[in-house]
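Visitor: Could you have a look at this structure, given as structure tokens, before my questions?
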Amino acid sequence: MTATESNPLLDKYMSLDQGERVQVMYVWIDGTGESMRCKTKTVESEPLSAEDLPVWNFDGSSTFQAEGCNSDVYLHPRALFRDPFRRGKNKIVLCETFNFDHKPGVANYRLPCSQVMENDEVQKAKPWFGIEQEYTLLDKDGHPLGWPKGGFPGPQGPYYCAVGTGNVFGRDIVEAHYRACLYAGVKIAGTNAEVMPAQWEYQVGPCEGISMGDQLWMSRYILHRVSEDFGFKVSFDPKPIPGDWNGAGAHTNYSTLPMRNEGGIQHIYSAIEKLSTRHSFHISMYDPKGGEDNKRRLTGHHETASIHKFSHGVANRGASVRIPRQCAEDGKGYLEDRRPASNCDPYRVTEAIVRTTILNETD
């Protein structure tokens, strides 16, 4: 039986009526700041919001989030989604982690981000985000999907937005993920094959404030689950293959209400000027290792700017920040920060952008 075939043994049980009770998958980010964990709780009725669900806990000593002598970590439900795997009235809920003393857990970056997004000035500005999530599909052995074993495919060129055998690898996973996100309520906006073979991108947004991080993390969880069903792996490594191959980013599109209104281009350039003065701060916020992962990607080659220098330009994919051509012509719209790595925490990315461009924080 292949990974994509139905399992009649499992189907026999999954077709059973589950009664009034509901399965809720609690999902959280572990202590690495990159991996996700999950476990299921039965509740007595279908929740309509995350607030309807109880606080739960888990063994943090097994997820790099606590010591074994004091291992309980609390799960606080925050964002509710439909479950595309169990379907029906079952749900998935994204959670924040809190330690035994009720302080934010390891890698709980959602809490400080939400506090920033609730600021009156930020609420007034109505920040919108859209993140372009790049990733690489791998075979079970960790080799990029479709690449010759022990070798390399042909040079980059025919793979971006490609079609056809030999040019595209893993489209079934991409289509399954897309549909599962739509079912779940994730605000997925599109998808395409990327420059490196076996590399793909999907876009989430526009989302306002804290919902950007919630939506992107859930989209990642769903992607991992879909790939698990197909028997493949997902890598969010910013430079999965050394050499003359594109890396993977999480390009972040950003606008405020003044940027979207007539004459918004002046506000776009004002935001870019502010971003230019805090380049080091943003680099430190844009990957889980404080910039170390992005060093392998932001080289000034392969459609990236150098990690050491801030730059911007219209339609320039080799700049730190790009203004789309259409926005420059319209005189309003948004900017694209191309520095975040594919394995970034979207809570940290959006928090940093808002702190710099709306709250006018300086180093």
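Visitor: Condition first: open to solvent by 10 Å² or more (accessible area, probe 1.4 Å) and either touching a Pro at 6+ places or on another chain (Cβ under 6 Å) or of a type in the set (S, T, N, Q) (or both). Now tell me which residues in the stretch 210-237 satisfy that.
Guide: Listed by number, the residues that qualify are SER211, GLN215, SER235.
Visitor: Among the listed residues TYR183, TYR202, TYR178, which satisfies the condition of being part of a helix (DSSP H, G or I), of a type in the set (Phe, Trp, Tyr) and under 19 Å from HIS251 (Cβ atoms)? Can you show your working first?
Guide: Details: TYR183 fails: under 19 Å from HIS251 (Cβ atoms); TYR202 fails: part of a helix (DSSP H, G or I).
When all the criteria are applied, what remains is TYR178.
Visitor: Of the residues GLN203, GLN199, which is of a type outside the set (Gly, Ala, Ser), open to solvent by 30 Å² or more (accessible area, probe 1.4 Å) and at pLDDT 95 or above?
Guide: Numbers: GLN199 fails: open to solvent by 30 Å² or more (accessible area, probe 1.4 Å).
Only one candidate passes the filter, namely GLN203.
Visitor: Go through the stretch 316-334 and report how many residues are within 20 Å of ASN246 (Cα to Cα) and touching a strand residue (DSSP E or B) at 6+ places or on another chain (Cβ under 7 Å).
Guide: First pass over the stretch 316-334, keeping only residues within 20 Å of ASN246 (Cα to Cα): 316-322.
Now restrict to residues that are touching a strand residue (DSSP E or B) at 6+ places or on another chain (Cβ under 7 Å): 316, 319-322.
Within the stretch 316-334, residues that are within 20 Å of ASN246 (Cα to Cα) and touching a strand residue (DSSP E or B) at 6+ places or on another chain (Cβ under 7 Å) number 5.
Visitor: Next up: Report whether or not LYS39 is within 28 Å of SER342 (Cβ to Cβ), modelled with pLDDT of 95 or more and surrounded by 15 or more Cβ atoms within 10 Å (Cβ to Cβ).
Guide: Details: within 28 Å of SER342 (Cβ to Cβ): yes; modelled with pLDDT of 95 or more: yes; surrounded by 15 or more Cβ atoms within 10 Å (Cβ to Cβ): no.
No; evaluated as a whole, the condition is false for this residue.
Visitor: Run SER71 past the list (1) open to solvent by less than 70 Å² (accessible area, probe 1.4 Å); (2) within 21 Å of ASP345 (Cβ to Cβ); (3) hydroxyl-bearing (Ser, Thr, Tyr); (4) touching a helix residue (DSSP H, G or I) at 6+ places or on another chain (Cβ under 7 Å) and report the number of the one that doesn't hold.
Guide: (2)
Visitor: Within the stretch 269-290, track down each residue that is touching a Gly at 6+ places or on another chain (Cβ under 7 Å) and either assigned to a helix (DSSP H, G or I) or open to solvent by less than 30 Å² (accessible area, probe 1.4 Å) (or both). Even if it seems obvious, please write down each step before you answer.
Guide: Of the stretch 269-290, the ones touching a Gly at 6+ places or on another chain (Cβ under 7 Å) are 283-284, 288.
Result: ILE283, SER284.
Visitor: What are the residue pairs meeting all of these: first residue in the stretch 322-338, first residue open to solvent by 10 Å² or more (accessible area, probe 1.4 Å), second residue of a type in the set (Gly, Ala, Ser) and part of a strand (DSSP E or B), Cβ atoms under 6 Å, and 6 or more apart or on different chains?
Guide: TYR334/SER255
The values are calculated or read from the model by the stated rules, or taken from the named source; none is laboratory data. Nothing here was measured: the structure is a model prediction, and the numbers come from that model. Every residue, glycine among them, receives a Cβ derived from its backbone with ideal geometry; neighbour counts consider all protein chains shown. Note: accessible area is taken over every heavy atom of the protein model, side chains too, but ligands, DNA and RNA are not part of it. Shrake-Rupley method; radii C 1.70, N 1.55, O 1.52, S 1.80 Å.
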